[in-house]
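The structure appears right after this line, and notes come after that.
The values are calculated or read from the model by the stated rules, or taken from the named source; none is laboratory data. Note that the coordinates shown come from a computational prediction; the quantities given were computed from them, not determined experimentally. With ideal geometry, Cβ positions are generated from the backbone for all residues, glycine too; neighbour counts draw on all protein chains shown.
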Amino acid sequence: MRAFFLTTLRQLALAAAAILMTGSALAHSSSNSYLSLSAPAQQLMLRADINLRDLDLIFDLDENRDSRVTWGETQARSSELDAWLRQGIALSESGNACTLGPFDLQASVHADGTYLSAEWPANCPGLVDVTQARIKLGYSLIFAQDNLHRAIVKVDLPDFQSSAILSPDRPETQMAKADSSPIKVFAHYLVEGVWHIWIGIDHIVFLLSLLVLAPLLPSRQNLTQWRAVTQARPAVMDVLAVVTAFTLAHSITLGLSVLKWLEPPPDLIEPAIAMSVVIAALNNLVGWSALRRWQLAFVFGLVHGFGFANVLLDLGLPASSLAVALGGFNVGVELGQLAIVGVFFPIAWLLRHSWFYRWVVVTGGSLTVALLGTLWTLERTGLYKF
């Protein structure tokens, strides 16, 4: 036992070194920007909300070095910020580039802090009726500095609402009223659901932490001595139990939150999601005394459902197709999960007999994930900034 704990400590040290060497991409969770397009009085208006924390990393806005960015420090750089925003946001309509007029600069508050809000009138050649606009929106801000950064796009035009999530791999989106039929709304939000689970690293590592022991046969021996499952059926049933419990749980809270029946604040949900990652990973290391993983999947799936709902609410849901959009997003999340399981499980099954799987994947991987979840928890509770 002593040797096991000494080995575990060495594994933890190596995991910590690996995490620290990966840089900021793993040291914090993704940051978000918000883009919105509206048309009050038939005039297209484009608004961009960028977290001051992200702007400070690029422009070094904290001139007096008091570890806080004030509105005065931000306004002093308004012309630079305007030029930077314009070069990183591209708007076109029916293939024609739109020009942005003079911008209005203000501060706004989101769940994760203070944001710079810039709004421009958009002039699009040949556009007569905004309800018939075919919009293409591109975004490239902050991606170079943070590949976990996301831009959440919301279009709210008369008789037409839509949304999208932009990332380094998907930096632009196209939207039009013709895409607002129930079938197209379902397909659109299905894609957004798949995309969200694939870019949500905290959801992915939580799910994988619950699945990593499925190919091994529990025993009272040391975890690294567990034998491989000889038949596929028990392992597959274990995986199905975890995935079903997680699916059922997050579907419940996703619906409750979107319907506004239960709305816990994001500043509680995001740290709780990070803590779920830590607990799921550490639970793997307890061995025979571990909690049942499908039960953990259900309990923390309820929490993750609120996280999915926060993203979906940020995207915005078309009031006329609420049930269709919610259903599409939920199905997309499930398909995204199944794709992850479909990639992971065959590899785990092939490696299950090896020392590499027990020591590196299970033990080292669980320690690394626990450390990563701890870093996320510290960041999301504001106890430490990376």
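Table: residues versus (1) basic (K, R); (2) surrounded by 21 or more Cβ atoms within 10 Å (Cβ to Cβ); (3) part of a helix (DSSP H, G or I); (4) in contact (Cβ under 8 Å) with a residue 24 or more places away in the chain.
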site	(1), (2), (3), (4)
E263	no, no, no, no
P271	no, no, yes, yes
M275	no, no, yes, yes
V278	no, no, yes, yes
L282	no, no, yes, yes
L285	no, no, yes, yes
H304	no, yes, yes, yes
F308	no, yes, yes, yes
L312	no, yes, yes, yes
(message) Going residue by residue through the stretch 198-205, is there one that turns out to be over 26 Å from L302 (Cα atoms) and either surrounded by fewer than 20 Cβ atoms within 10 Å (Cβ to Cβ) or within 15 Å of the chain's Cα centre (by Cα) (or both)?
(response) no
(message) Among the residues that make up the stretch 127-137, is at least one of them at pLDDT 85 or above, buried (at least 20 other Cβ atoms within 10 Å of the Cβ) and β-branched (V, I, T)?
(response) yes
(message) Just checking, does the stretch 87-107 include any residue being free of Cβ contacts under 8 Å to residues at least 60 places away in the same chain, surrounded by fewer than 16 Cβ atoms within 10 Å (Cβ to Cβ), among the hydroxyl-bearing types (S, T, Y) and farther than 20 Å from M175 by Cα?
(response) no
(message) Condition (residue is part of a helix (DSSP H, G or I) and among the hydroxyl-bearing types (S, T, Y)) applied to the stretch 225-240: is it met by at least one residue?
(response) no
(message) Can you report the number of residues in the stretch 80-101 which are within 17 Å of A118 (Cα to Cα) and part of a loop (DSSP other than H, G, I, E, B)?
(response) 2
(request) Could you tell me which of the residues S354, S366, S321 is among the hydroxyl-bearing types (S, T, Y) and closer than 19 Å to A280 by Cβ? (result) S366
(request) Determine whether L296 is part of a helix (DSSP H, G or I), more than 15 Å from the chain's Cα centre (by Cα) and surrounded by fewer than 20 Cβ atoms within 10 Å (Cβ to Cβ). (result) no
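Within the stretch 149-166, can you find the residues that are assigned to a loop (DSSP other than H, G, I, E, B) and surrounded by fewer than 19 Cβ atoms within 10 Å (Cβ to Cβ)?
The answer is P158, D159.
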